[in-house]
Amino acid sequence: MRLPPFLLERYFAQHEFNAPHLLCVSDCQTMTAGQLLDLEPGARQAFESLPLGYTESSGGPELRGQIAALYQDIEPSDVLVHVGAQEAIFTFSSACLRPGDEVVVHTPCYQSLFQVAQSAGCAVIPWVARQEDGWALDTDELSRIAGPKTRAIFINSPHNPTGASLDNAAMSRIVEIAARRGCLLFSDEVYRFMEYGPGTVARPVCELYERGVSLGVMSKSFGLAGLRVGWVATRDAAVREAMASAKDYTTICGSGPGEFLAALALRHTAAILDPLRRLTLANLELLKGFMARHADTFAWAEPTGSPIAFPRLLNGVDAAPFCKDVLEHSGALLLPGALYGQAWKSHVRMGFGRRDFPAGLAALDSFLMMAKG
């Protein structure tokens, strides 16, 4: 399989650790290892005595138990741990899809959600969300484009890069269509627990559908990207076994220290998630004020989940030179929408889940005010 460059990741490799203000990151504020260990008496001593040998390829029993507890009617044996979410996307697509399969993909999207399948010889059918609809998905359109050759449907909620969230009614309709077609339903749920908009929060796909695969990770809503712990939860044993076999050719197993710290974090979800949710919502209020002040520059649909948004520059302005100019003169890094495809070239991704967001937003605000004279 020949994979093209991952445009977004190459962009971050160039800029992420050099830019003074990261206004486009997709994760929430992180914490130190010491702060995490302090959440539980005895955790530091247990961590210091942790053996540094191989771990179980499916993930340690304690970690899988904590992950399973995040869902209803999911057992630890239904969980397969990966090194981050990226590996899980790769093992699913490479193990469960075949050349000639059709896959329907919620777009715009993180590149690997379609790229691995496409590079494996699948026909990718985009299921496009549109800003004028508030980035909501048209489930009637899915019913039309998912056909007899559809092997899998890929969805993402809360959604990267728009921050839109599916409600239970839309999710139920998607599950109904997938079940009628008999296809797999892969649901990127890495921003689960960061929903905040009106309406009911959709249940995870693994709870709703026997052939549903829910993707989770410690990196985004939990802000613990450095642990490199992700997972899939699914009741489809054939999918788990196929992915486990593919994983034997990637990482084989995860990091013992990372899995230990991830299990610790999942024993204290409220202590971690509650302050991150408050921080994200406070920053969102700042972003709303910014968008109101610069309505002559941006149009947007407010996000309803996650710490990211995807505003559009007015009048079809190409965001790539705009982002370059912003970085050069303000030090604020924005993500040009063309990294998700040329259809989105006038958009920028903004991330507001970190403590330094107000300073970065102020730098961008000053740049725009000066540009307007």
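Quick check on segment 274-291. Is at least one of its residues farther than 30 Å from Gln131 by Cβ and outside the structural domain of Leu208 (by TED's automatic domain parsing)? Give the steps one after another, and end with the answer.
We begin by selecting, within segment 274-291, every residue farther than 30 Å from Gln131 by Cβ; these are 274-275.
Okay, now just the ones that are also outside the structural domain of Leu208 (by TED's automatic domain parsing), so 274-275.
Yes, the conditions are met somewhere in segment 274-291.
Listed residues Ala152, Ala164, Ala170; which is among the aliphatic types (A, V, I, L, M) and part of a loop (DSSP other than H, G, I, E, B)?
Ala164
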query: Are there any pairs with C-beta distances below 8 angstrom linking a residue in segment 60-85 that is in the same structural domain as Val205 (by TED's automatic domain parsing) and in contact (Cβ under 8 Å) with a residue 12 or more places away in the chain to a residue that is acidic (Asp, Glu) and assigned to a loop (DSSP other than H, G, I, E, B), with the two at least 6 apart or on different chains, and if so which?
result: Ala68/Glu75
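Only one of these is in a helix (DSSP H, G or I), outside the structural domain of Tyr191 (by TED's automatic domain parsing) and surrounded by 15 or more Cβ atoms within 10 Å (Cβ to Cβ): Val348, Val326. Name it. Don't jump to the end; show me each part of the working.
Values: Val348 fails: in a helix (DSSP H, G or I).
Result of the check over Val348, Val326: Val326.
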task: Select, from Ala120, Ala152, Ala95, the only residue that is in the same structural domain as Arg211 (by TED's automatic domain parsing), buried (at least 22 other Cβ atoms within 10 Å of the Cβ) and touching a residue at least 40 places away in the same chain (Cβ under 8 Å).
output: Ala152
Tabulated pairs, segment 29-50, first in contact (Cβ under 8 Å) with a residue 40 or more places away in the chain, second of a type in the set (D, E, K, R) and surrounded by 10 or more Cβ atoms within 10 Å (Cβ to Cβ), C-beta under 6 angstrom, 6+ apart or interchain: Gln29/Arg354; Gln29/Arg355; Leu37/Arg44
- prompt: If you take just the helices (runs of 4 or more DSSP H) that sit entirely in segment 25-116, which of them hold at least 1 residues that are farther than 16 Å from Ala265 by Cβ?
  reply: 43-48, 61-68, 84-96
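So, of the residues in segment 155-174 that are β-branched (Val, Ile, Thr) and within 20 Å of Asp101 (Cβ to Cβ), which turns out to be surrounded by the fewest Cβ atoms within 10 Å (Cβ to Cβ)? Quick ask: steps written out before the conclusion?
Initially, segment 155-174 is screened for residues β-branched (Val, Ile, Thr), giving 155, 162, 174.
Restricting the remaining residues to those that are within 20 Å of Asp101 (Cβ to Cβ) gives 155, 174.
On the way: Ile155: 26, Ile174: 28.
Selected residue: Ile155.
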task: Quick one: count up the residues across segment 116-139 that are touching a His at 6+ places or on another chain (Cβ under 8 Å) and either over 21 Å from Ala338 (Cβ atoms) or at pLDDT below 95 (or both).
output: 1
query: What's the number of the condition Gly182 fails, among (1) modelled with pLDDT of 95 or more; (2) within 29 Å of Trp300 (Cα to Cα); (3) surrounded by fewer than 24 Cβ atoms within 10 Å (Cβ to Cβ)?
result: (2)
task: Find the residue count for segment 129-149, including only residues that are touching a helix residue (DSSP H, G or I) at 6+ places or on another chain (Cβ under 9 Å) and crowded, with 16+ Cβ neighbours inside 10 Å.
output: 5
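Conditions tested, residue by residue: (1) farther than 18 Å from Ser143 by Cα; (2) assigned by TED's automatic domain parsing to the domain that holds Asp274; (3) not hydroxyl-bearing (Ser, Thr, Tyr).
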| position | (1), (2), (3) |
| --- | --- |
| Ala178 | no, no, yes |
| Cys183 | no, no, yes |
| Ser187 | no, no, no |
| Leu215 | yes, no, yes |
- prompt: Looking at Thr107, is it touching a Cys at 6+ places or on another chain (Cβ under 9 Å) and among the β-branched types (Val, Ile, Thr)?
  reply: no
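Okay, residues lined up against (1) surrounded by fewer than 17 Cβ atoms within 10 Å (Cβ to Cβ); (2) modelled with pLDDT of 95 or more; (3) more than 29 Å from Ala152 (Cβ to Cβ); (4) not aliphatic (A, V, I, L, M):
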| position | (1), (2), (3), (4) |
| --- | --- |
| Arg2 | yes, no, no, yes |
| Thr32 | yes, yes, yes, yes |
| Gln72 | yes, yes, no, yes |
| Ser77 | yes, yes, no, yes |
| Val105 | no, yes, no, no |
| Phe114 | no, yes, no, yes |
message: So, in segment 124-149, how many residues would count as being touching a residue at least 12 places away in the same chain (Cβ under 8 Å), outside any helix (DSSP H, G or I) and under 21 Å from Trp344 (Cα atoms)?
response: 10
message: Here is a check on your reading of the model: is Asn156 of a type outside the set (Ser, Thr, Tyr), in contact with an Asp or Glu (Cβ under 6 Å, 6 or more places away or on another chain) and under 18 Å from Phe186 (Cα atoms)?
response: yes
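Might you check whether a residue that is among the hydroxyl-bearing types (Ser, Thr, Tyr) and over 29 Å from Phe352 (Cα atoms) occurs anywhere in segment 202-213? Give the derivation first.
Applying the first criterion (among the hydroxyl-bearing types (Ser, Thr, Tyr)) to segment 202-213 yields 209.
Filter once more, keeping what is over 29 Å from Phe352 (Cα atoms): 209.
There is at least one residue in segment 202-213 that is among the hydroxyl-bearing types (Ser, Thr, Tyr) and over 29 Å from Phe352 (Cα atoms).
The values are calculated or read from the model by the stated rules, or taken from the named source; none is laboratory data. Nothing here was measured: the structure is a model prediction, and the numbers come from that model. For neighbour counting, all protein chains shown are included, and Cβ atoms are generated from backbone atoms with ideal geometry for every residue, glycine included.
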